[in-house]
Amino acid sequence: MSQAVVITGANRGIGLALATLYCAQGQNVFALCRHSSAELAALNVNVVTDIDVATDAGIANMKQALANTSIDLLICNAGILRDESLTNLNLDTIRAQFEVNAVAPLRVVAALKNQLSSGAKVAMITSRMGSIEDNTSGGRYGYRMSKAALNAASMSLSHDLAAQEVTVGIYHPGYVQTDMVNHGGDISANESASRIVGLIEQLDMSQSGVFRHSNGQVLPW
């Protein structure tokens, strides 16, 4: 029997690759995005547009679209990357990254909590740039801080959702060739998505709240 898979930021990059893989598996995919794309529209999935997860309206649209759906897998993938340095500290972009990268995924899970089936899985697409121990180059203040905050929220969720037998995976996708990094990564979105799908398949209560690289490596906080 197919499972209901909800993916945010599904119109391109890793989100699109995940939607493609789950569609190929025959899952019932709900692809959430602000605007669709030709590639997403070509898939046999439920495309839900006007979903800006950082806004009240976007969350309301999401809840309405998924009102009658029991969710087996929720993947919070939507994110943004901006660049700040100590000499160019743009507080507006820092705040925007917190809203999209850290606050929005928490809002999404909270809004859909009662629709997560017993034994459901939540996957947070984060970044190793949110690791404090792994930071050897500085900079990227908003992105690093927002992803560290997402990691903290994800760990709390792993505890708070345990009573529902819902597991939480926290995944760094790798340095992926997407628009976010001007396609300068070292692995494709398809390879990253395939790795993440494999990790999600293996996810159980004993691994809930573990921060992993898509290659399976456990990452430091």
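The values are calculated or read from the model by the stated rules, or taken from the named source; none is laboratory data. Keep in mind it's a predicted model, so treat the numbers as computed, not measured. Reconstructed Cβ throughout: ideal geometry from the backbone, glycine too, with neighbour counts over all protein chains shown.
Tabulated values for the structure
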item: Per-region count, the range 64-93, residues out of contact with any helix residue (DSSP H, G or I) (no Cβ under 6 Å at 6 or more places or on another chain), surrounded by 17 or more Cβ atoms within 10 Å (Cβ to Cβ) and not aliphatic (A, V, I, L, M); result: 1
item: The listed residue being within 21 Å of PHE30 (Cβ to Cβ), aliphatic (A, V, I, L, M) and surrounded by 14 or more Cβ atoms within 10 Å (Cβ to Cβ), out of LEU219, LEU199, LEU150; result: LEU199
item: Members of the range 149-188 found to be in contact with a Cys (Cβ under 9 Å, 6 or more places away or on another chain) and at pLDDT below 95, listed by number; result: none
item: Single unsatisfied condition, ASP134 versus (1) within 30 Å of GLU84 (Cβ to Cβ); (2) under 17 Å from the mean Cα position of the chain (by Cα); (3) not hydroxyl-bearing (Ser, Thr, Tyr); result: (2)
item: Residue check, SER146 modelled with pLDDT of 95 or more, in contact with a strand residue (DSSP E or B) (Cβ under 6 Å, 6 or more places away or on another chain) and closer than 28 Å to THR49 by Cβ; result: no
item: Residue within the range 162-172 that is assigned to a loop (DSSP other than H, G, I, E, B) and either of a type in the set (Val, Ile, Thr) or in contact (Cβ under 8 Å) with a residue 40 or more places away in the chain (or both) present; result: yes
item: Residue within the range 157-167 that is surrounded by 21 or more Cβ atoms within 10 Å (Cβ to Cβ) and β-branched (Val, Ile, Thr) present; result: yes
item: Of the criteria (1) within 18 Å of VAL5 (Cβ to Cβ); (2) modelled with pLDDT of 95 or more, which one ASN68 fails; result: (2)
item: Of all residues in the range 58-79 being free of Cβ contacts under 8 Å to residues at least 24 places away in the same chain and of a type in the set (A, V, I, L, M, F, W, C), the one that is nearest to ARG144 (Cα to Cα); result: ALA60
item: Listing of strands (runs of 3 or more DSSP E) fully contained in the range 1-104 that carry 1 or more residues being closer than 20 Å to ILE170 by Cα; result: 4-8, 28-32, 71-76
item: Cβ pairs under 6 Å, 6+ apart, first in the range 185-196 and over 16 Å from GLY216 (Cα atoms), second part of a helix (DSSP H, G or I) and polar (S, T, N, Q); result: none
item: Unique residue being crowded, with 19+ Cβ neighbours inside 10 Å and in contact with a Cys (Cβ under 6 Å, 6 or more places away or on another chain) when the list is VAL100, VAL48, VAL108; result: VAL108
item: Breaking point among (1) within 25 Å of TYR22 (Cα to Cα); (2) at pLDDT 95 or above; (3) over 15 Å from the mean Cα position of the chain (by Cα), for GLU191; result: (2)
item: Residue tally, condition assigned to a helix (DSSP H, G or I), among the small types (Gly, Ala, Ser) and touching a residue at least 60 places away in the same chain (Cβ under 8 Å), over the range 114-144; result: 1
